Every structure is written in C-alpha cells, then in structure tokens.
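Q: Below are the structure tokens for one structure; questions will follow.
Coordinate-derived values only; no laboratory data. On a predicted model such as this, the values are computed, not experimentally measured, just so you know. As a convention, Cβ positions derive from the backbone with ideal geometry for all residues, glycine included, and neighbour counts pool all protein chains shown.
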Amino acid sequence: MSEGFALDPQLARESVFVADRALCRVLLTDDARFPWLVLVPRRTGLVELFDLSPTERVQLFDELEQAARALRSVAPCTKLNVGALGNVVRQLHVHVVARREDDAAWPGPVWGHGPRRPYDESARAQRVSTIAARLGMD
C-alpha cells in the first residue's frame with residue numbers, strides 16, 4: 001500500500017472502519033437512515049478514478065462488487081447507488097448506498113438530506129461485524 005496513506009478527516013469523522021481489502025479501505029457511513037459503504041483506495045494523492053492504474057481500476061471494480069453484495073445481504077434494497085463524486089471530499093472514494101423506496105430521501109439523493117443520525121453503538125458494531133464477515137467470504 002501507499003506510504004503515508006491517510007483518510008480524509010471528514011470521511012474519518014462520518015464513518016467507521018469495516019475492513020481493508022487489497023486496494024481499498026471499506027468504511028460504514030455512520031448514518032442509520034441509509035445503509036452506506038464507502039471504499040477508499042489506500043493510495044496517496046488520488047482524486048479521480050482515472051488516477052488509478054488500469055490494474056487498480058479492475059481491482060476497485062472487483063472490491064465494489066464484493067462490497068455491494070455484502071451490503072445488499074444485510075440491507076435488502078430496491079436499488080444500489082454507486083457514485084464517486086468528490087465535490088466535498090477530494091480524496092478518491094466511492095459510495096455504495098442501499099436505497100429503498102421507503103427510505104427518508106427516496107427517490108432523491110441521500111447527500112444533504114437532513115442531519116446524519118449515527119447508529120447506536122450496538123447496531124453499528126453488529127452491522128460492521130456482519131459486513132466484515134461477508135467481505136471475508138470471497
């Protein structure tokens with residue numbers, strides 16, 4: 001992995017560690033309203049998807065698929081939204097959000113939809129543990 005990798009402070013504040021994969025750190029966004037993972041390639045200086053090498057882009061897609069399957073297994077959903085925006089946090093990161101037609105923001109975006117509601121400690125620990133275990137089942 002890249003020497004000196006550091007997680008953007010906003011990502012660190014708003015999420016919790018789930019697992020490190022070959023390329024990415026997997027985080028759970030700490031908002032109980034939306035089942036939401038964030039994958040952050042553990043390389044310094046990345047901003048855009050095309051900043052990754054071709055091999056790393058393939059690895060990222062594989063890790064996104066694994067994360068999406070793990071998330072869907074613990075949070076059945078109507079649609080999985082995947083996005084790499086980076087307008088607020090420049091560090092390259094990709095969101096995987098399990099959306100349901102009855103969620104608080106449907107059908108609009110989850111970004112900026114009211115204040116974040118952190119998980120209670122027990123629910124957060126359970127969700128992290130379950131997703132981490134599912135990611136280990138490659």
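Q: Which whole-angstrom value gives the distance between the alpha carbon centres of the stretch 55-86 and the stretch 19-51?
A: Rounded to whole Å, the Cα centres lie 10 Å apart.
Q: Say we join alpha carbon atoms closer than 10 Å with springs in a Gaussian network model of the chain; which of 90, 124, 99 then has the biggest fluctuation?
A: It is 90.
Q: Size of the chain along its principal axes in angstrom, Cα-based, largest extent first?
A: 39, 33, 26
Q: Output the relative contact order of the chain, whole-number percent, from Cα pairs under 8 angstrom with separation of 6+ residues.
A: About 27 percent, as a whole number.
Q: In whole Å, what are the Cα extents of the stretch 54-132 along the three principal axes, biggest one first?
A: For the stretch 54-132, the Cα spread along each principal axis is 38, 29, 24 Å.
Q: Within the chain, which is the longest segment containing none of the GluC sites (Glu not before Pro) that sit in a DSSP loop and have at most 15 other Cβ atoms within 10 Å?
A: 49-100
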